[in-house]
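**Student:** Pasting in a structure now, in C-alpha cells, and then I'll have a few things to ask.
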Amino acid sequence: MGKIFVVMGKTSSGKDTVYKRVLDSLEAKAGEAAPKTVVIYTTRPMRPGEQNGVEYFFATEQELQKLREDGKVIEERCFHTVHGPWYYFTVNDGQIDLENHSYLMINTLAGFEMIRDYYNKEQVIPIYIEADAKDRLIRYINRESLQKNPNYKEVCRRFLADEEDFAEEELQRLGISKRYFNRDLDECCAEIEADIAALLEGGLVDG
C-alpha cells in the first residue's frame, strides 16, 4: 500500500518551498515511481489565468454539500473573507489510489488529522517543518511589505494564531515527534527525501 506524506508548518516556515523542492527532486530521480500530487477543490471564484483542474477544481457550496453527504470529503477548511466563506477541500474522487501510488501533499495540522482519520493511520505520514520564530516573522513581514496595502496587524494575528494552532500539546496529541528544521534548505530537503525513500523501502532516492 502507498502512503500519503503531508507537509505542514507554521506561516513562513518555508513549507511551500520545501514541498516544491522535494517534489521536483523526487520526480527527477524517480520519474513515475515518485509520489504523486493531488489537486484539491475550492469554492472561491476562479482567478484570471487559472484553469479548472490545474490549480484547483472549482466547485459550488451546493456541490460541496453533496460531496459531504456522499462521504467523499476527506478534509476541508473554511476561510472567512470579505466575500463570504471560501472552502478548500480534498475529495475522494479517484485521484488517490493507495493500492498503486504514494502521494505528497501540503496541508494544515487540522487537515492532516482529517486525512489521517479518513485513511489508515499508518498510511498518512506527517512532514512537519520548523523554523526559527524570528526568521519566520521577518520573512512574513518582508513578504507582506510587497503587497499594495500591507496589513501588518494581520501578520501579527496570523503569527500568534500559528503559535496556538501548532502548540506542542497539539503536536504531541497527533503523535508528531519528528521535526524537520529549515535552517538550511538543502539539508532540510535532503533529510525529507531520505526519510520518504526509507518509508517507501528505499526505492526512490539513490545514495
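The values are calculated or read from the model by the stated rules, or taken from the named source; none is laboratory data. Just so we're clear, the structure is a prediction, and the values are computed from it rather than from any experiment. Positions of Cβ are backbone-derived with ideal geometry, glycine not excepted, and every protein chain shown enters the neighbour counts.
**Student:** Given (1) outside any helix (DSSP H, G or I); (2) surrounded by 14 or more Cβ atoms within 10 Å (Cβ to Cβ); (3) charged (D, E, K, R), identify the lone condition not met by Arg21.
**Tutor:** Among (1) outside any helix (DSSP H, G or I); (2) surrounded by 14 or more Cβ atoms within 10 Å (Cβ to Cβ); (3) charged (D, E, K, R), the lone unmet condition for Arg21 is (1).
**Student:** With the requirement that a residue be without any contact (Cβ under 8 Å) to a residue 60 or more places away in the chain and farther than 17 Å from Thr81 by Cα, what does segment 136-151 give you?
**Tutor:** Ile138, Ile141, Asn142, Glu144, Ser145, Leu146, Gln147, Lys148 - these are the residues of segment 136-151 that are without any contact (Cβ under 8 Å) to a residue 60 or more places away in the chain and farther than 17 Å from Thr81 by Cα.
**Student:** Next up: Considering each residue of segment 13-59, count those that are polar (S, T, N, Q) and over 13 Å from the mean Cα position of the chain (by Cα), and give that number.
**Tutor:** Total satisfying the criteria: 5.
**Student:** Just give me the residues in segment 169-203 being buried (at least 16 other Cβ atoms within 10 Å of the Cβ) and closer than 14 Å to Ala131 by Cα, in sequence order.
**Tutor:** Matches in segment 169-203: Tyr180, Asn182, Cys188, Cys189.
**Student:** Let me ask something else. Looking at Glu50, is it modelled with pLDDT under 95, part of a loop (DSSP other than H, G, I, E, B) and in contact with a strand residue (DSSP E or B) (Cβ under 9 Å, 6 or more places away or on another chain)?
**Tutor:** yes
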